[in-house]
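Here the structure is laid out as structure tokens; the discussion comes afterwards.
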Amino acid sequence: MKLKVIIHEAEEGGYWAEVPSIPGCATQGDTFDELLENLYEAVEGCLAVDLKDTKLSKKDRIMEIAV
């Protein structure tokens, strides 16, 4: 999966980024490298789903896929 990210230079220094295709997914970093590291973590967190409240039947399966 490829995601477009908008990277902004922060007025107070450093950077911040937003992922328009994932509403509310944004992060910041003091350096560009720190921003990239935080960005991967933010996207993973925004896409993570807690399955504990999901009702599954005996025929259902849970899979994890990489896209």
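The values are calculated or read from the model by the stated rules, or taken from the named source; none is laboratory data. Computed from a predicted model, the values in this text were never measured in an experiment. Virtual Cβ from ideal backbone geometry, glycine too; neighbours counted across all protein chains shown. Surface areas here come from the heavy atoms of the whole protein model, side chains and all, with no ligands, DNA or RNA. Shrake-Rupley method; radii C 1.70, N 1.55, O 1.52, S 1.80 Å.
Taking each residue of region 25-38 that is within 12 Å of Ile7 (Cα to Cα) and looking for partners that are open to solvent by 90 Å² or more (accessible area, probe 1.4 Å) with beta-carbon atoms closer than 8 Å, six or more apart or interchain, yields Ala26/Trp16; Thr27/Trp16; Thr27/Glu41; Gln28/Trp16; Gly29/Trp16; Gly29/Glu37; Leu35/Trp16; Leu35/Gln28. Kindly indicate whether Thr27 is modelled with pLDDT of 95 or more and of a type in the set (Ser, Thr, Tyr). When the stated conditions are applied, Thr27 passes them. Looking only at region 41-61, decide whether some residue is part of a loop (DSSP other than H, G, I, E, B) and either among the hydroxyl-bearing types (Ser, Thr, Tyr) or surrounded by 12 or more Cβ atoms within 10 Å (Cβ to Cβ) (or both). Yes, region 41-61 contains at least one residue that is part of a loop (DSSP other than H, G, I, E, B) and either among the hydroxyl-bearing types (Ser, Thr, Tyr) or surrounded by 12 or more Cβ atoms within 10 Å (Cβ to Cβ) (or both). Within region 26-40, the residues that satisfy the criterion of being in a helix (DSSP H, G or I) and open to solvent by 90 Å² or more (accessible area, probe 1.4 Å) are Asp33, Glu37, Tyr40. When region 9-25 is filtered for residues that are part of a strand (DSSP E or B) and open to solvent by less than 50 Å² (accessible area, probe 1.4 Å), only Ala17 remains.
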